[in-house]
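Working notes for the structure below.
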Amino acid sequence: MKKFNVPGKYRSTLISAVKNKRKEADKMKKDFSPTLLDFGKVQVYLARHFGFCYGVENAIDIAFRTVEENPGKRIFLLSEMIHNPQVNADLQQRGVQFLQDTYGKEIIPVESLTKEDVVIIPAFGTTLAIEEKLNHIGIPTEKYNTTCPFVEKVWNRSEQIAKKEYSIVVHGKPTHEETRATFSHAAFHTPTVVVNNMTEAIELGKYITGEKQAGDFYIEFKGRFSEGFDAAKDLQRIGVVNQTTMLASDTQAIADYLKQVIMDHYQLTAATAEERFADTRDTLCYATNDNQTAVYGMLQTPADLAVVVGGYNSSNTSHLVELCEEKLPTFFINSADKILSCSEIVHYNFHTKEEIPSHHFLPAGKTPIKILITSGASCPDAVVEEVIEKILEVAGAEKTVE
């Protein structure tokens, strides 16, 4: 796999040593058990896979190189390059400005840019409308494009489905940058609609069967369907693709459900299902899949709690939290300074979208304390090491990272 030039401050000697050792022992990536780091009073179980993925390292490499190669020029990012506060803050300190916030709200008008300015496309990609605006100004969108190749893979798959005259159902978070970009690219080729979860997929299924009137579709899925979408016609042949950071099990369940609805309604068999349901296969990225599978493996280890590290608006990270929450107390933090003491921590509740304090962080009087730790695909390993060091400090562990 290609090597990227990522700033050393994002690396961790500890984490690199662990990852290298595991890679050497398990080249085929078949062992998803966690790595035990025994600090005596504290036992840390690190997930088999976590941290920077190919797409993130590619984006960081391009972004920092762009800053170095364009001294004196105004440099803009369409929005957060990746969902990590440390990386985005570092770019802003180097003079990079954001044109939009993470939800697409304008911060700096595109119209104020000139062809002399540099614009970096984030790892999530962008919409065709924004590309057209920038190209009209004379800014080449392909020159500093950090779109993840696995996101582009979804776009390519969508185009292939469209050529066979299927409509597209995108499983994703409607306001997420990647979903907005994927929706734009898919809708250019074929009728497209976005569903956020299984509940919405079930309701969509009722328009396929006619249980719900087509006219109600435009109210229920307002802002989620492409221009000219005909609910009475465009749901007769469909294929499902996803935002690459969704839960693999959720996407599979939605695809399976809609396929069964189609088969039952049109009286198709497994052999003839492709007449109306496209064989899209999974469009989840490899890192998302590996990280989720590694969490399932990590959760087989008895532990007292889990800590998940990453940006609060990171989709792939929130799904790791979701998996951990099903089994044990889980704390979602974006940096080590959220750990205030052995009993106090400030962590993020992604259900209510707010940081909350907890006063029973580490179990009192228990030895050893067993902690599961993982991080999202946009979280630097250095931040994970800082979190481990802070836990050891507040817990009074006998051994240090060194």
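The values are calculated or read from the model by the stated rules, or taken from the named source; none is laboratory data. None of the values given here were measured: they were computed from a predicted structure. Note that we place each Cβ from the backbone using ideal geometry, even for glycine, and neighbour counts take in every protein chain shown. Heads up: the accessible areas ignore ligands, DNA and RNA and are worked out on the full protein's heavy atoms, side chains in. Shrake-Rupley method; radii C 1.70, N 1.55, O 1.52, S 1.80 Å.
With respect to (1) open to solvent by less than 10 Å² (accessible area, probe 1.4 Å); (2) free of Cβ contacts under 8 Å to residues at least 24 places away in the same chain; (3) not aromatic (Phe, Trp, Tyr), the lone exception for residue 270 is condition (1). Residues in the stretch 264-322 that are assigned to a helix (DSSP H, G or I), closer than 20 Å to residue 246 by Cα and acidic (Asp, Glu): 2 in all.
Total residues in the stretch 51-71 satisfying the condition of being open to solvent by less than 10 Å² (accessible area, probe 1.4 Å) and either free of Cβ contacts under 8 Å to residues at least 40 places away in the same chain or not in a helix (DSSP H, G or I) (or both): the figure is 1. Residues of the stretch 96-113 that are of a type in the set (Ser, Thr, Tyr) and either open to solvent by less than 50 Å² (accessible area, probe 1.4 Å) or touching a Phe, Trp or Tyr at 6+ places or on another chain (Cβ under 8 Å) (or both): 102 alone.
Here the stretch 1-12 is the region considered, the condition is being outside any loop (DSSP other than H, G, I, E, B) and in contact (Cβ under 8 Å) with a residue 40 or more places away in the chain, and the residue that is surrounded by the most Cβ atoms within 10 Å (Cβ to Cβ) is 10. Note on the stretch 326-402: enclosed strands (runs of 3 or more DSSP E) holding 3 or more residues that are of a type outside the set (Phe, Trp, Tyr) and either modelled with pLDDT of 95 or more or at positive phi (or both) are 345-349, 354-358, 369-375.
May I ask you to list pairs of residues, at least six apart or on different chains, whose Cβ atoms are under 9 Å apart, with the first in the stretch 92-114 being aliphatic (A, V, I, L, M) and the second being part of a loop (DSSP other than H, G, I, E, B) and open to solvent by 30 Å² or more (accessible area, probe 1.4 Å)? Here the result reads 99/107; 99/108; 99/109; 107/101; 113/74, each pair linking the stretch 92-114 to a residue that is part of a loop (DSSP other than H, G, I, E, B) and open to solvent by 30 Å² or more (accessible area, probe 1.4 Å). Please list, ordered by first then second residue, the pairs with beta carbon atoms under 7 Å, 6 or more apart or interchain, first in the stretch 309-330 and closer than 16 Å to residue 352 by Cα and in contact (Cβ under 8 Å) with a residue 12 or more places away in the chain, second open to solvent by 50 Å² or more (accessible area, probe 1.4 Å) and not polar (S, T, N, Q). Final answer for the pair search is 311/85; 315/173. Of the residues making up the stretch 18-31, those that are over 16 Å from residue 389 (Cα atoms) and part of a helix (DSSP H, G or I) number 7. Condition test on residue 307, is it closer than 30 Å to residue 389 by Cβ and in contact with a strand residue (DSSP E or B) (Cβ under 9 Å, 6 or more places away or on another chain)? In short, yes.
Taking the conditions (1) open to solvent by 30 Å² or more (accessible area, probe 1.4 Å); (2) under 22 Å from the mean Cα position of the chain (by Cα) in turn, residue 93 satisfies each one other than (2). Every condition in (1) within 19 Å of residue 307 (Cα to Cα); (2) touching a residue at least 60 places away in the same chain (Cβ under 8 Å); (3) outside any helix (DSSP H, G or I) holds for residue 36 except the one numbered (2). Scanning the stretch 74-94 turns up no residue that is at pLDDT 95 or above, out of contact with any Leu (no Cβ under 9 Å at 6 or more places or on another chain) and at positive phi.
Of all the numbered requirements in (1) polar (S, T, N, Q); (2) open to solvent by 50 Å² or more (accessible area, probe 1.4 Å); (3) touching a Pro at 6+ places or on another chain (Cβ under 7 Å), residue 43 misses one, and that requirement is (2). The helices (runs of 4 or more DSSP H) found entirely in the stretch 114-233 that carry 3 or more residues being open to solvent by 40 Å² or more (accessible area, probe 1.4 Å), touching a helix residue (DSSP H, G or I) at 6+ places or on another chain (Cβ under 9 Å) and farther than 27 Å from residue 247 by Cα are 128-137.
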